[in-house]
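What follows is a set of notes on a single structure, which appears directly below.
Please treat every number below as a calculation from the coordinates, not as lab data. Predicted model only: the values in this text are computed from it and were never measured. Heads up, the Cβs are rebuilt from the backbone with ideal geometry, glycines too, and the neighbour counts pull from every protein chain shown.
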Amino acid sequence: MIVINAFLSIGWVFTVSNNFALDIGINPLYFLMILSYVELCRKGMWYFLRIEEDHSNNIGNLTAVIPD
């Protein structure tokens, strides 16, 4: 996961350079759209992992209550 995050985080560096999109032959607007989608996926991945971690921590604190 850390490697995927590092790889996807590098994508925002390419948004600073408008010439990079032209050098690889992509319209800069399409390139920005693709990188924005990749950033949304990256943040979504970490939000999901954070929610799962919080859920796991909260489940550990719960105990079964048997009614009398």
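The set of residues from the stretch 1-29 being under 20 Å from ARG42 (Cβ atoms), without any contact (Cβ under 8 Å) to a residue 12 or more places away in the chain and not hydrophobic (A, V, I, L, M, F, W, C) comprises just one member, SER17. Among helices (runs of 4 or more DSSP H) entirely within the stretch 1-57, having at least 1 residues that are under 17 Å from the mean Cα position of the chain (by Cα) and surrounded by fewer than 12 Cβ atoms within 10 Å (Cβ to Cβ) singles out 2-9, 11-16.
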